[in-house]
Amino acid sequence: MDTQIMIRLVVGLLMTGIVVALAAKRVLWLTKLIRSGAPTSEANNRKDNLGKRITTQFEEVFGQTRLLRWSIPGIAHFFTMWGFFILATVYLEAYGLLFDHDFHLPIIGTWDALGFLQDFFAVAVLLGIITFAIIRVRQEPKQHGRDSRFYGSHTGGAWLILFMIFNVIWTYALVRGAAADLGNLPYGNGAFFSHFMGWVLSPLGHDVNEWVETIALLLHIGVMLIFLLIVLHSKHLHIGLAPINVTFKRLPDALGPLLPIEYKGELIDFEDPPEDAQLGRGKIEDFTWKAYLDFTTCTECGRCQSQCPAWNTGKPLSPKLVIMNLRDHLFAKAPYILGDKESPLENTPAGGLGEEARGEKHSEKQSHDHVPESGFERILGSGPEQATRPLVGTEEQGGVIDPDVLWSCTTCGACVEQCPVDIEHIDHIVDMRRYQVMMESEFPGELGVLFKNLETKGNPWGQNAKDRTNWIDEVDFDVPVFGKDVESFEGYEYLFWVGCAGAYEDRAKKTTKAVAELLAIAGVKYLVLGEGETCNGDSARRSGNEFLFQQLAAQNVETLNDLFEGVERVDRKVVVTCPHCFNTLGREYPQVGGNYTVLHHTQLLNRLIRDKKLVPVTPVGGDGANGPDITYHDPCYLGRHNKVYEAPRELIGASGATLTEMPRHADRGLCCGAGGARMWMEEHIGKRVNTERTEEAIDTGASRIATGCPFCRVMMTDGVDEVAAARDIEKVEVLDVAQLLLGSLDTSTVTLPEKGTAAKEAEERAAKAAAAAPATAPEKAPAEESKAPAQAESPAQPAQPAQPAQAESPAQPGAKPVTGLGLAGGAKRPGAKKTAAAPAQAKAGTTEAKAETTEAPAAAPAKGLGIAAGARRPGAKKAPAEASPNEGAGTVVQPPNVDPDKAAAGTEAADSADSDLGLASKPEPEVKGLGIASGARRPGAKKKAPAPAAKPADEPTTESAPEAEAERPAQPESAAGTGDARVVGDEPPVKGLGIAKGARRPGKR
């Protein structure tokens, strides 16, 4: 054995042994830390769909599909990553060269193809790190501040990694060049770079190159070993953890439905929660192992930050910094989590635990001096203050995550969509919100108004349920209402879920009417629930009030399951105009027993066009030959959350308009600012998100802005009003894509069903069924009576077999007391509680609901949720307060980012940017006989009288009531379940009945 081989063996193996021992210790520590996270339930163990998880590995890890969305850095990373894979064979050769000058890999070790790949990727990696260096120099945070996606990242560590990769390449070049000159290289001319380096080194001579080879070989191995240690102690952990995180990602993706609340690996049963249940994440130990994996996988690349609407409008929220802060806090608190140190809360003198002054903490401090948005740096080290600091808190409290950060999120999903390693930011943000709302009762004050209205009235504005059908009186065709016009879904194809905004908000009602008319023109058999609808609970859930969501979901699922009783899953079709309803009904209600086929209206209308049931004939609003320029705003919950991008764009094309895309569109579209319950929260910090988006839309030069979401419509309309005033320009129109389609149809030859058609057909079929089966007449009599006062509009309603079931409906008020905490149990098992409800409890329903909100401790013995009656259900304790200002309003106009009680009753201003296209030429519906109906039925008209003054409005109304009844005998009691005329605002306040099933479920009257 010659001297050089001896040196190679001793030095190489000694370095390897030391580093492997240190690396193994770190790997074991990281594994222990990640595994210490809270367990997940069987339904969320991330071990399902193994085939899909394997293919995802190939797509995202080997194919780098998510990184390649950003072409230049994506390509650079692609070659750098594959360079690591290919250069692994070089390191196998390097360890062989410790033992033998002429070592080569068995079989493939002499193939020129392998030599070419090694050299090619070595050069590609070099070019890749040069690209990364240029990108970092051009986006240096010190020069660009918040505009740099690297703002807040550990830039020093990133430069160190680039330097270490460069060291790998130049030592590789020396080893291969010396070997080529000495004749030890096992590859021919395919190894082009190696032979080139041999030519460069050849003047040094044989003896010198022998030492060059040995020294460069040891340096090559040493650089790799040091690189390994740096990776294990830095943000570049993603090199090893990213493939694991991708494997355990949510499928099909981390967007769409939120995960239900779990505790100790079990789903929380809100009817009977564990006494020590923690709802949400209140400290770092509450997060699951998957969350720990997310935190430690973050690459600090800043793609999420660059796409975040909150960050881009001056808010303190950076999804990247949220994950980094949670990770740094996790590492700093690790000694307490893993039991290496006693918690200061457990008999440990605070002064006995000095702060741990590790080098990386100093670098973090230096790196983050210019990042006030980062909360972790408020308390550094692993001392007792770190262990006891709050997870969410202000700077004075030392919180890791500032409340302004937590509540700025719109849950738009841009961060999750762009993250190259599949971190689930929204899940972690909402989990922290859940704890703040349900355990701490700490949330923005505006949400208290929202929660109160949702609980007591079942809609954000606190309006009356009977006003959900006002829009039907504003159209001149038949719209069947389940429970009033028809008693069964048989003979119908779709349930049209109108939603709260579609029923109450003036601008959203235009979308509702346009879609209803389009469905009628196409001959689609559909019905609506009318008063039977309740808010789907999206805003409650995304603001952290899971308890309220479970209540609302349970009520809706029970109503829908009653409607679809006996209908196959595939035929339980629901069409919606709101992407939030689309996402909640279609992807979240299965968690609480509701399984339906849910379509967004753009999808259904697109299908009707393909089936030639709707045939556009003229370009909408164009000059007869060319349609106008339209720009389309992608609703986040339609696009990113559910991947519906093409349907609305195809509708725009079918209407004859010319689509002009905004710079940020489709999966990179900018949020309007209303998601995550932000619609109802004041926007005090930075620029308004809807203003930012509207400016981008106006800058396209398009004459109209189209969207497919009522929230987006509100935000964009108000944004246009604001921007047009600031710029002193003409307002562009804002409208729904359904209006574009309606405006492009020739409706002059279309005959729509007259009002009451469906009700008459249903009565005729009922009479025939009664005549054909006289033996069952006594059983059907109650149902016939309940149908008699029903007045309506609907396509053909064939069957009467569901009559017995409907006849039972009035008898079900025994289930009515499920209005408070008990209803949450129904949320888990819809319908189950109904069979067990004692009829004797019916009368006590409202009383129980009130008692729950005022006497929290007596609600249940369960700790945490037992007191949830007041503290855990934000807004519930305010139930005894006076009614919502809009309770008697038939229509409201919701401003952006304010609590719903600040919505203006009535219709929009005459100069609003919101468009009436397709609807403007429609005649006002004739309000026959109802002297009071002109106010109640035509939103805005009655606003001439003060909205809150319900009593004065009652007097003239009462006088006209008998006259109204005389003129409309078919509708004497349908409004409020009494013999009184239907007068907006004259009914007594129904406390606690926002969630009351008896009031909401059609047919119960």
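The values are calculated or read from the model by the stated rules, or taken from the named source; none is laboratory data. Because the structure is a prediction, the values reported are computed rather than measured. Heads up, the Cβs are rebuilt from the backbone with ideal geometry, glycines too, and the neighbour counts pull from every protein chain shown. Side chains are part of the model used for accessible areas, which takes the heavy atoms of the whole protein and leaves out ligands, DNA and RNA. Shrake-Rupley method; radii C 1.70, N 1.55, O 1.52, S 1.80 Å.
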Summarise the accessible area of region 631-702 (1.4 Å probe, protein heavy atoms) by the percent that is carbon and sulfur.
50
May I ask you to compute the full-extension gain from ASP48 to VAL208, defined as 0.36 nm times their residue separation minus their alpha-carbon distance, rounded to one decimal in nm?
51.7 nm
Students often get this wrong, so check it: of LYS457/LYS768; LYS612/LYS643; LYS47/LYS452; LYS573/LYS768; LYS452/LYS613, which have C-alpha atoms separated by over 32 Å?
LYS457/LYS768; LYS47/LYS452; LYS452/LYS613
Kirkwood Rh, angstrom, region 69-235 [1 / mean 1/r, Cα pairs]
17.0
For region 69-235, whose charge dipole is built from +1 on Lys and Arg Cβ atoms and -1 on Asp and Glu Cβ atoms, the candidate among GLY156, VAL212, GLY83 with its Cα farthest towards the positive end is GLY156
Residue-wise, which Karplus ³J(HN,Hα) couplings in Hz belong to region 253-266, taking 6.51 cos²θ - 1.76 cosθ + 1.60, θ = phi - 60°, and x for glycine or proline?
7, 7, 9, x, x, 7, 7, x, 6, 10, 9, 6, x, 10
Return the carbon/sulfur percentage of the accessible area of region 399-438, one whole number, probe 1.4 Å, all protein chains in place.
47
At a Förster radius of 25 Å, what calculated FRET efficiency corresponds to the Cβ-Cβ distance of MET6 and TRP199, to the nearest 0.05?
0.25
Please list the non-local residues whose amide H lies under 5 Å from the amide H of ASP629, H modeled 1.01 Å from N, same-chain partners needing a gap of 5 or more.
THR658, SER703
Once you have a ≥ b ≥ c as the square roots of the Cα gyration tensor eigenvalues for region 562-682, tell me rounded if a/c is under 1.5, and otherwise prolate or oblate according to whether a/b is larger than b/c.
oblate
Reduced Cα scattering model of region 448-743, Debye log10 I(q)/I(0), q = 0.07, 0.10, 0.15 Å⁻¹
-0.25, -0.52, -1.20
For a Förster distance of 56 Å, can you work out the FRET efficiency between the beta-carbons of TYR95 and GLU646, rounded to the nearest 0.05?
0.60
Over region 448-743, with neighbouring protein chains present, the accessible area per residue in Å² at probe 1.4 Å is 24
The long-range amide H neighbours of LEU317, using H built 1.01 Å from N in the peptide plane and a cut-off of under 5 Å, are none
Provide THR410, THR388 ordered by accessible surface of protein heavy atoms (probe 1.4 Å), highest first.
THR388, THR410
Residues whose modelled amide H sits under 5 Å from the amide H of VAL598, counting only those 5 or more places away in sequence or on another chain, are VAL574
